[in-house]
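J.: My structure is below; once you've seen it, I'll send some questions.
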Amino acid sequence: MSHEPTRRPSRRTFLLGGAAALGLATAGAGWALDRFVVEHVEIDDVDAFEAANASTDATSTSTGSATVTVDARTQGSGDELVTYYVADLLLTDATALRSAFADDAFGQNVIDTTSSIAAQNDAAFAINGDYYGFRDTAIVIRDGVAFRDAGAREGLAFYRDGHAEVYDETATSADALVAAGVWNTLSFGPAVVRDGAEVAGIDQVEVDTNFGNHSIQGRQPRTCVGVIAANHLALVVVDGRSTGYSAGVTLPDLAAIMLDLGCETAYNIDGGGSSTMVQDGELVNRPLGTTSERGTSDILYIPASAA
């Protein structure tokens with residue numbers, strides 16, 4: 001069943017930095033504003049779209065429950081101090097872990113804070129997602145429904161049977177993944193742990209952005225999804241760029257954290273100022289050492305009804 005795309009004007013003020021600011025300076029302000037600031041809404045009612053496009057053999061409404069335990073941890077000291085937050089998730093059904101988009105809309109440059117998206121979806125717990133809306137590529141499957149089929153990189157797929165695996169987006173399709181039982185996908189990377197071991201070469205990996213490859217090396221705030229076993233996840237948010245509170249971690253450091261938690265698989269998602277964890281309506285971490293949140297396009301969450 002089709003859903004007619006709609007377009008609406010932006011209702012927010014955006015602060016641009018890094019690559020986006022470079023685009024404004026070098027590629028023409030009009031083009032860059034349209035590409036990186038103005039909302040381009042493809043689906044303006046995600047709930048209705050999911051209801052119309054859910055597979056016939058299973059609905060997108062979870063009947064499972066989840067136990068969520070969150071604790072704060074530190075390592076190092078002084079300027080090397082790192083503060084991070086670990087959410088241990090035990091699911092009775094994989095579909096208890098859900099996804100939500102900012103403004104219940106799918107498209108580019110549609111953003112809101114993690115805590116706001118969580119509140120709008122009555123979430124007991126949430127972390128930021130992969131910021132799918134910064135790109136126009138990726139396979140995007142959320143809550144069992146395909147939203148985009150433009151494979152470009154290494155993704156992470158969560159299956160309805162409770163397992164998750166890293167996969168090559170360019171070697172499959174969104175429809176094939178849904179048919180195989182995929183419930184959610186994430187598209188950012190890289191995977192930092194595979195088969196219970198650190199992935200080789202992650203200290204050299206760059207990620208593709210709208211301006212080409214972009215370094216994600218060095219000590220950074222991070223958000224990572226770890227798989228310990230079927231229906232057992234470790235979601236980690238590492239704070240950073242705040243001397244004396246948390247310096248952030250490198251990708252090998254992140255792999256070490258996830259391995260220490262017993263993860264067989266771990267996948268890096270959007271970080272920096274976007275790295276946020278919310279529980280019971282309260283911001284758990286301190287993004288960039290503050291109590292302010294940067295907008296993001298999507299979250300992963302546990303509904304209050306499942307907690």
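J.: Taking strands (runs of 3 or more DSSP E) that do not extend beyond the range 241-307, which have at least 3 residues that are at negative phi, touching a residue at least 40 places away in the same chain (Cβ under 8 Å) and of a type in the set (A, V, I, L, M, F, W, C)?
T.: Working: elements: 265-269, 277-279, 298-303.
It comes to 298-303.
J.: Need the failing condition index for residue 228 against (1) more than 16 Å from residue 81 (Cα to Cα); (2) of a type in the set (Val, Ile, Thr); (3) crowded, with 20+ Cβ neighbours inside 10 Å; (4) at pLDDT 95 or above, just the number.
T.: Every listed condition holds for residue 228 apart from (3).
J.: Only one of 97, 91, 81 is within 29 Å of residue 255 (Cβ to Cβ) and in contact with a His (Cβ under 8 Å, 6 or more places away or on another chain). Can you tell me which?
T.: It is 91.
J.: Looking for something assigned to a loop (DSSP other than H, G, I, E, B), surrounded by 13 or more Cβ atoms within 10 Å (Cβ to Cβ) and modelled with pLDDT of 95 or more - is there at least one such residue anywhere in the range 76-85?
T.: Checking the range 76-85: at least one residue is assigned to a loop (DSSP other than H, G, I, E, B), surrounded by 13 or more Cβ atoms within 10 Å (Cβ to Cβ) and modelled with pLDDT of 95 or more.
J.: Okay, next question. So which residues in the range 48-75 are exposed (fewer than 14 other Cβ atoms within 10 Å of the Cβ), closer than 30 Å to residue 175 by Cβ and at pLDDT 85 or above?
T.: 48, 52
J.: Take the range 263-307 and flag every residue that is over 26 Å from residue 142 (Cα atoms) and of a type outside the set (A, V, I, L, M). Show your work before the answer.
T.: So in the range 263-307, the residues over 26 Å from residue 142 (Cα atoms) come out as 286, 288-292.
Once the filter is applied, which keeps residues that are over 26 Å from residue 142 (Cα atoms) and of a type outside the set (A, V, I, L, M), the range 263-307 yields 286, 289, 290, 291, 292.
J.: If a residue has to be farther than 18 Å from residue 297 by Cα, within 16 Å of the chain's Cα centre (by Cα) and among the β-branched types (Val, Ile, Thr) to count, how many in the range 140-174 make the cut?
T.: Matching residues across the range 140-174 total 1.
J.: Then there's this: Scanning the range 199-223 for residues that are farther than 26 Å from residue 81 by Cβ and in a strand (DSSP E or B), which turns out modelled with the highest pLDDT?
T.: Within the range 199-223, the match that is modelled with the highest pLDDT is 206.
J.: Now a separate question. Select from the range 136-193 the residues that are among the hydroxyl-bearing types (Ser, Thr, Tyr) and in a loop (DSSP other than H, G, I, E, B) and write down the one among them that is nearest to residue 233 (Cα to Cα).
T.: Only one residue fits best here, namely 187.
J.: Residue 185: polar (S, T, N, Q), farther than 22 Å from residue 125 by Cβ and either surrounded by fewer than 17 Cβ atoms within 10 Å (Cβ to Cβ) or modelled with pLDDT of 95 or more (or both), yes or no? Don't jump to the end; show me each part of the working.
T.: Numbers: polar (S, T, N, Q): yes; farther than 22 Å from residue 125 by Cβ: no; either surrounded by fewer than 17 Cβ atoms within 10 Å (Cβ to Cβ) or modelled with pLDDT of 95 or more (or both): yes.
Against the criterion (polar (S, T, N, Q), farther than 22 Å from residue 125 by Cβ and either surrounded by fewer than 17 Cβ atoms within 10 Å (Cβ to Cβ) or modelled with pLDDT of 95 or more (or both)), residue 185 does not qualify.
J.: Those residues that are under 15 Å from residue 169 (Cα atoms) and surrounded by fewer than 22 Cβ atoms within 10 Å (Cβ to Cβ), I need them from the range 95-154; list them, please.
T.: Selection gives 135, 136, 137, 146, 148, 149, 150, 151, 152, 153, 154.
For every residue, the table says whether it meets (1) surrounded by fewer than 20 Cβ atoms within 10 Å (Cβ to Cβ); (2) β-branched (Val, Ile, Thr); (3) touching a Lys or Arg at 6+ places or on another chain (Cβ under 8 Å); (4) at pLDDT 95 or above.
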{"site": "235", "(1), (2), (3), (4)": "no, no, no, yes"}
{"site": "249", "(1), (2), (3), (4)": "no, yes, yes, yes"}
{"site": "263", "(1), (2), (3), (4)": "no, no, no, yes"}
{"site": "269", "(1), (2), (3), (4)": "no, yes, no, yes"}
{"site": "275", "(1), (2), (3), (4)": "no, no, yes, yes"}
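The values are calculated or read from the model by the stated rules, or taken from the named source; none is laboratory data. These figures come from a predicted structure and were not determined experimentally. Every residue, glycine among them, receives a Cβ derived from its backbone with ideal geometry; neighbour counts consider all protein chains shown.
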